[in-house]
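Values quoted throughout were computed directly from the atomic coordinates according to the rules given, and no laboratory measurement underlies them. Only a predicted model underlies this, so the values are computations on that prediction, with no experimental measurement involved. Here the Cβ positions follow ideal geometry from the backbone for every residue, glycine too, while neighbour counts run over all protein chains shown.
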Amino acid sequence: MDWREAAAGGLPAPRDDEPASLRQNILDELADHLDCALARELSKNITPEEAIANVKRRFGDPRDLARRLWVDAMKDTIMSKRLTLAAMALMTVMCLSSGWIAWSAHRASQETAESITRANGALIAHLSALLAARPAPAATAGPERADVHFHLICDDAQKSPAKGVSGKLYLSGAGSSLNPLLRTSDEQGNLDFGMLPAGSYILRVTAPWNEFAFVPVEVSPAFPITSPIICPARDWQPADVQFDFEGLPSLKDRDALIVLHINAVQGRMVGASYSWVHDAETHGHTAYDVVLDPNGHLLYFSEWTSQNRMSQGVGRMMPPRWGGSWLGNAPGVQLQATDQFSWLAAALNQKPQPGFFDRRYEISSITVLLAPDIRSRAGETPDPSHLPFTLHTQRGYTPIAETMISPGNSEAPPLQPVHGQKNVWRIHLSRNFSAEVDRLLMSSASRLPDAKDAAAAKAESTTGADLLKTLGIATATPDHTADGLTGLKLGAIADKLPANYAGFQEGDLLLGVNGWNVNTDRELGVAARGYPLSADKARAAAAATSSEESLNGEGISPQSLVALVRRGTEMMLYEVKPPGSPAPKEKKMIPVKPADGGVVPGGFRNRRRLGSP
């Protein structure tokens, strides 16, 4: 904040008798004092707006402060001029009174005029006698003085002298910083201010890289200054930081982005008790948005989160029928307007410039979002033959999953990176949040990697063909929609088998299984890996599964499939239960058509499990 501009409005109109540099000195020193107070507030890890409010609450309006300082500085001059004017006014009144009396006396009689003149002379003589009898002002004794000398040393192993450190010393208290003493430490680290009157002072020491600290000083002849001031030996140094995630295996080969909101501790303790902070022009930012790919590679580093509209948290919850969650305080999948990510679309076209230093960092929140809409806004054209490629979830909106870093939830201990070595920030994501990411991915369909070799491709194709038989689907042939979505067009559906129980119909276009796009038997076999192909295998798998395990945290069996189906213009998400599961009690299908014509999402079929649409 520009304190000078804020305080300038409080200064009175210029006077001819005020010193030429008075106003600038007042604004400079007042701004310096308030900047110091603001730095101390910001070291408490609060927002800049809260810090500014605290400073104003403590010291008052800058305009009032500037006016009081101007009045203090001009008080003697103003009072002297007022006394002079009062004396001149008194003499003028007396002269006019004398003239009027003389004129009146002249008209009355000469004797009256002489009498009045004598009376005036006696009055003047009496006043002169009183002035002459006034005692002379007593001489005041000068204040005690003491030698003010500081020795500055660095916090390195050698305790070397801190050279080139500037020092600004001024009296403690409002208005006392108008005429500070300025010194710079010499080659031996000495900062000498000479003999000064006893009292309370504030010393601001500033390193050559604009990192500063405030040191309270008591000057007294009886207690000389002997303790050295410990200064940082160097500025913060760049640090190499890498990220390691625990709990996001489902993001492998997905077109997703991970956004970390990171806070940095503003100051650092150097020596015993002094906090050193940077000004706003150097390392003033304390909040960052870091964007990574699912492998933890850095894509973007923003040093100023207020420019990123996503940080404002403008979004809405994704409804349960679209794979959303209503789990109280648990992490949730949201739909955010894609316009909120325009800053990120622009960032993907930039080369990332890491900005980590050897200072302390903390992660406050983690956001995972699907990237196709973002890449489209960045000018990239999705290529179905290029990994990864993900179908859109709803036109104009981007699905995100977000979690806060807190004990018992997703956890990431604070990191103090070290310059010159590899620093790995290990982040453990909670099971709830991993389930939310799975839910987010289920509403999309990403391309699968190619098979490792011909033998693997043949085995995966055989698994896909066996799966179709198990589900009761006669045929599944590659097909596509007019708007470019690809999948498998389903043939006849056999009764009383999993596909029939799930609600599939002949002619449906199967776009995705468990979040993966399927266009061949091989892709179907890979996407459905883990699904039991017989009732016996389903019972064995269920017996080996913990009762707490479920797909997407919604009570869906981990042996089930979640299928993304296009039927006409409608999109739906269906749960396909393992073979041998009983027929569903509720036969009614409730497809969901997006209101704005988006390509996905649709509704989970099972209303009992996932809530009414």
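Among 70-81, 359-370, the peptide with the highest mean count of other Cβ atoms within 10 Å heads the list, and the full ranking is 359-370, 70-81.
For the range 403-447, what does the alpha-carbon gyration tensor say about shape, rounded, prolate or oblate, given a ≥ b ≥ c as the root eigenvalues, a/c under 1.5 as rounded, and a/b over b/c as prolate? Verdict is oblate for the range 403-447. Can you grab the distance from the C-alpha centre of the range 450-492 to the C-alpha centre of the range 22-41, Å, no decimals? For the range 450-492 versus the range 22-41, the Cα centre distance is 72 Å. Taking each of K351/K452; K496/K537; K81/K168; K163/K422; K537/K577 in turn, the alpha-carbon distance tops 23 angstrom for K351/K452; K81/K168; K163/K422.
Of the peptides 233-239, 510-516, 164-170, 87-93, the order by per-residue mean of other Cβ atoms within 10 Å, starting with the highest, comes out as 510-516, 164-170, 233-239, 87-93.
The overall shape of the range 3-122, judged from the alpha-carbon gyration tensor, is prolate: a/c is not under 1.5, and a/b is greater than b/c.
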